[in-house]
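This report refers to the structure that appears directly beneath it.
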Amino acid sequence: MKRPQLIGLAIAATAGILAFVMVRGMVNKPPVEKTVEIKVKSSDVLVARTDIGLGQITNDSLFRWQSWPTETVTPGFITRADQPDAMTQLAGSIARAPIMAGEPITQVKLVRAGQGGVLAAILPAGMRAIATRIKAETAVANLILPNDRVDVILIRRVRGRNGQDEYASDILFGNVRVLAIGQQIETKEGKKSADTSANTATLELTAQQAESLALANSMGDISLTLRSIADLDPNQGPTAGVDPTTKSSAAIRVLRYGTTSRTYGVN
């Protein structure tokens with residue numbers, strides 16, 4: 001083969017190779033990513049900087065402003081546009097419930113300074129807080145914790161028809177919320193029992209039930225029985241004079257030497 005032919009063949013081969021490489025590069029070229037910027041209207045909302053515990057007294061370092069989509073801002077949220085000095089204004093407030101870091105702050109979650117103490121802050125409207133004496137044998141060996149539900153039993157000494165002393169027991173209230181054990185109003189993380197030195201349990205009752213418990217405290221011994229969490233109904237409040245498990249009417253069972261001798265109805 002003549003030299004000019006070899007040169008022409010080499011040029012043609014080189015051009016073919018270059019064309020192949022260029023075509024291949026075009027086929028395998030990654031698609032161009034286009035970034036489209038969408039502007040979302042936002043508002044600065046007051047949120048918790050760190051976790052805030054139940055009953056904790058707040059200060060301005062526990063809050064921060066966070067950008068929040070305006071369309072998701074509810075009327076209860078606190079915005080910088082409406083309350084620019086909210087962090088200072090809310091300093092010294094009491095947390096009505098635990099607040100997680102990043103959770104929006106609302107007026108109902110805090111009680112302003114001067115509006116009541118810690119217990120008054122967590123007490124529902126219309127309910128009363130009243131304490132009763134407890135000890136290990138009357139409070140499930142000090143294993144009852146705040147926010148547990150209990151039944152309240154009164155055991156008292158009565159004079160029998162034969163003139164001898166006997167003992168009567170009655171379920172005064174059922175499904176009662178425990179607000180505090182001693183001065184402990186919140187279960188600490190990892191803590192499995194209440195303060196063993198505590199000698200009082202604070203219960204959440206209606207005004208009439210609180211009056212009845214105050215009278216019962218002077219009549220005999222109060223025992224608390226712990227209810228299973230499986231039986232809890234968040235919509236059901238404390239019941240009076242009835243065992244909510246059986247729905248039976250209240251009765252006083254008189255015990256003599258460990259044996260039921262008679263039953264009296266309670267009105």
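Taking the fewest neighbouring Cβ atoms within 10 Å as the starting point, the ordered list for 130, 94 is 130, 94.
Each Cα pair under 8 Å and six or more residues apart adds its separation to the average, and for region 30-128 the resulting relative contact order is 32 percent.
Taking packing as the residue-averaged number of other Cβ atoms within 10 angstrom, the listed peptides 70-80, 212-222 run from highest to lowest as 212-222, 70-80.
Computed over the alpha-carbon pairs of region 42-118, the distance histogram in 10 Å steps reads 21, 56, 21, 2 percent, short to long.
All alpha carbon pair distances within region 89-226 were sorted into 10 Å bins beginning at 0; the resulting P(r) in whole percents reads 11, 35, 30, 16, 5, 2, 1. Put a dot 7 Å past each Cα toward the Cβ at residue 133 and residue 162; how far apart are the dots in nm? The answer from the label model is 3.0 nm.
No lab work stands behind these numbers, since they all come straight from the coordinates. All figures in this text were calculated on a predicted structure; none of them were measured in a lab. All Cβ positions, glycine included, derive from the backbone under ideal geometry; neighbour counts span all protein chains shown.
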